[in-house]
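Novice: Attaching a single structure in structure tokens format; questions to follow.
The values are calculated or read from the model by the stated rules, or taken from the named source; none is laboratory data. In this text, all values refer to a predicted model and were calculated from it rather than measured experimentally. All Cβ positions, even for glycine, are placed from backbone atoms using ideal geometry, and neighbour counts span all protein chains on display. Just the protein is used for accessible areas: all its heavy atoms, side chains included, with ligands, DNA and RNA removed. Shrake-Rupley method; radii C 1.70, N 1.55, O 1.52, S 1.80 Å.
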Amino acid sequence: MSSRATTTGVTRAEYCVVACAEAWRHAGEVLASPMGTVPTVGARLAKLTFAPDLLLTDGEALLIGDVPALGARTQVVEGWLPYRQHLALVATGRRHVMMGAGQIDRHGNQNISCIGDWARPARQLLGVRGAPVNTLNDPTTYWVAKHSPRVFVEQVDMVCGVGYDRAAEAGPSATRFHHVAEVVSNLGVFDFATPDHSMRLRSRHPGVTVEQILEATGFALAVPDDVPCTREPTAEELRLVREVIDPNGARDREVPA
């Protein structure tokens, strides 16, 4: 499963960037909240191409009007969004967050808090943080840089981000704005477009087989008869990624060659 450039010269990391960018297609004027290098490159690529109305931040408290390279300082500040206002914005549903996942299950329940029994965890992670409010109020996508059975599990050890089955159990107050759009990993793209909202393989990145994805997933995944490849980036998208957004190749450190 080499992530080196394919015959078209596109690396696995660049396919992941394009897949993450697609999460914000048709998003409109919402705040993009990408967490991780590849999602950040993806959000900036979407802003520069097919989603010009996206709002971006500098990763801290500034709303930015330009699209600087990773690590560069913004030259256009459009507003101030400190933590308190950010929390208020989350409750309005006017952002699309792309979170990570220490664990995720077939219905989209996500764990970023701990591994093992929560009373005596074997590993402490980030903590629940804003994941419940994110998933119950805003469109949510997940990014997993290393797809494995340790991440894609039958049942998460603790629910942080709320999945479709848990939201349904909680009732209309939880399902009203709940929308786990998709999961992007270094192997493919997944959604929940099945009758019971269980995870489905939507596309595989070039160079990855369906069998490899099934082997790396710790639950039964819904697989269509014909699984397409993740779309190719355009020449202009590759130029923007390589020369404008991420000229130092940070994406390849998150999804290494």
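Novice: What helices (runs of 4 or more DSSP H), lying completely within segment 195-257, carry at least 2 residues that are touching a Ser or Thr at 6+ places or on another chain (Cβ under 8 Å) and either open to solvent by 50 Å² or more (accessible area, probe 1.4 Å) or farther than 20 Å from Phe152 by Cα (or both)?
Specialist: Working: elements: 210-215, 235-239, 251-254.
Result: 235-239, 251-254.
Novice: Yes or no: segment 99-120 includes at least one residue that is in contact with a Phe, Trp or Tyr (Cβ under 7 Å, 6 or more places away or on another chain), basic (Lys, Arg) and open to solvent by 20 Å² or more (accessible area, probe 1.4 Å). First the steps, then the outcome.
Specialist: Going through segment 99-120, the residues in contact with a Phe, Trp or Tyr (Cβ under 7 Å, 6 or more places away or on another chain) turn out to be 99-101, 104-108, 110.
Keeping just the survivors that are basic (Lys, Arg) gives 106.
Checking the rest, the ones that are also open to solvent by 20 Å² or more (accessible area, probe 1.4 Å) come to 106.
Within segment 99-120, one or more residues are in contact with a Phe, Trp or Tyr (Cβ under 7 Å, 6 or more places away or on another chain), basic (Lys, Arg) and open to solvent by 20 Å² or more (accessible area, probe 1.4 Å).
Novice: For Val162, are the conditions met, namely being in contact with a Phe, Trp or Tyr (Cβ under 6 Å, 6 or more places away or on another chain) and either of a type in the set (Val, Ile, Thr) or surrounded by fewer than 16 Cβ atoms within 10 Å (Cβ to Cβ) (or both)? Before the answer, list the steps.
Specialist: Values: in contact with a Phe, Trp or Tyr (Cβ under 6 Å, 6 or more places away or on another chain): no; either of a type in the set (Val, Ile, Thr) or surrounded by fewer than 16 Cβ atoms within 10 Å (Cβ to Cβ) (or both): yes.
No; evaluated as a whole, the condition is false for this residue.
Novice: Pick from Arg176, Arg166, Arg120: which is modelled with pLDDT of 95 or more and out of contact with any strand residue (DSSP E or B) (no Cβ under 8 Å at 6 or more places or on another chain)? Talk me through it step by step, then tell me what you get.
Specialist: Numbers: Arg176 fails: modelled with pLDDT of 95 or more; Arg120 fails: modelled with pLDDT of 95 or more.
Result: Arg166 is the single residue among Arg176, Arg166, Arg120 that is modelled with pLDDT of 95 or more and out of contact with any strand residue (DSSP E or B) (no Cβ under 8 Å at 6 or more places or on another chain).
Novice: Would you point out which residue out of Asp196, Asp226, Asp157 is over 20 Å from the mean Cα position of the chain (by Cα), under 22 Å from Ile112 (Cβ atoms) and of a type outside the set (S, T, N, Q)?
Specialist: On the way: Asp196 fails: under 22 Å from Ile112 (Cβ atoms); Asp226 fails: under 22 Å from Ile112 (Cβ atoms).
After applying the criteria, what remains is Asp157.
Novice: Here is a check on your reading of the model: is Trp118 out of contact with any Lys or Arg (no Cβ under 8 Å at 6 or more places or on another chain), within 30 Å of Pro247 (Cα to Cα) and among the aromatic types (Phe, Trp, Tyr)? Outline the logic, then answer.
Specialist: Numbers: out of contact with any Lys or Arg (no Cβ under 8 Å at 6 or more places or on another chain): yes; within 30 Å of Pro247 (Cα to Cα): no; among the aromatic types (Phe, Trp, Tyr): yes.
Taking the combined requirement at face value, the residue does not satisfy it.
Novice: OK, next. Give me the pairs, please: first residue somewhere in segment 132-156 and closer than 23 Å to His205 by Cβ, second residue anywhere and in a loop (DSSP other than H, G, I, E, B) and hydroxyl-bearing (Ser, Thr, Tyr), beta-carbon distance under 7 Å, and either six or more positions apart or on two chains.
Specialist: Pro149/Thr217; Phe152/Thr217
Novice: Quickly run through segment 50-95 and pick out the residues that are of a type in the set (S, T, N, Q) and surrounded by fewer than 16 Cβ atoms within 10 Å (Cβ to Cβ). Outline the logic, then answer.
Specialist: Keep residues of segment 50-95 that are of a type in the set (S, T, N, Q), which gives 57, 74-75, 85, 92.
Within segment 50-95, Gln75, Gln85, Thr92 meet the criteria.
Novice: Ok, one more. Looking at segment 148-158, which of its residues are out of contact with any Gly (no Cβ under 8 Å at 6 or more places or on another chain) and surrounded by 21 or more Cβ atoms within 10 Å (Cβ to Cβ)?
Specialist: Val156
Novice: Before we move on, is Thr40 modelled with pLDDT under 95, touching a strand residue (DSSP E or B) at 6+ places or on another chain (Cβ under 8 Å) and within 24 Å of Arg242 (Cα to Cα)?
Specialist: Values: modelled with pLDDT under 95: no; touching a strand residue (DSSP E or B) at 6+ places or on another chain (Cβ under 8 Å): yes; within 24 Å of Arg242 (Cα to Cα): yes.
So Thr40 fails the test.
Novice: Would you call Ser173 surrounded by fewer than 23 Cβ atoms within 10 Å (Cβ to Cβ), in contact (Cβ under 8 Å) with a residue 40 or more places away in the chain and not aliphatic (A, V, I, L, M)?
Specialist: Values: surrounded by fewer than 23 Cβ atoms within 10 Å (Cβ to Cβ): yes; in contact (Cβ under 8 Å) with a residue 40 or more places away in the chain: no; not aliphatic (A, V, I, L, M): yes.
Here the answer is no, as Ser173 does not meet what is asked.
Novice: Still on this structure, please answer the following. From the set of residues in segment 176-193 that are among the aromatic types (Phe, Trp, Tyr) and crowded, with 21+ Cβ neighbours inside 10 Å, which is farthest from the chain's Cα centre (by Cα)?
Specialist: Within segment 176-193, the first condition is being among the aromatic types (Phe, Trp, Tyr), and the residues that meet it are 177, 190, 192.
Cutting the leftovers down to crowded, with 21+ Cβ neighbours inside 10 Å gives us 190, 192.
Numbers: Phe190: 10, Phe192: 14 Å.
So, considering only residues that are among the aromatic types (Phe, Trp, Tyr) and crowded, with 21+ Cβ neighbours inside 10 Å, the one farthest from the chain's Cα centre (by Cα) is Phe192.
Novice: Report whether or not Val184 is over 18 Å from Leu31 (Cα atoms) and in a strand (DSSP E or B). Give the steps one after another, and end with the answer.
Specialist: Working: over 18 Å from Leu31 (Cα atoms): yes; in a strand (DSSP E or B): yes.
So Val184 passes the test.
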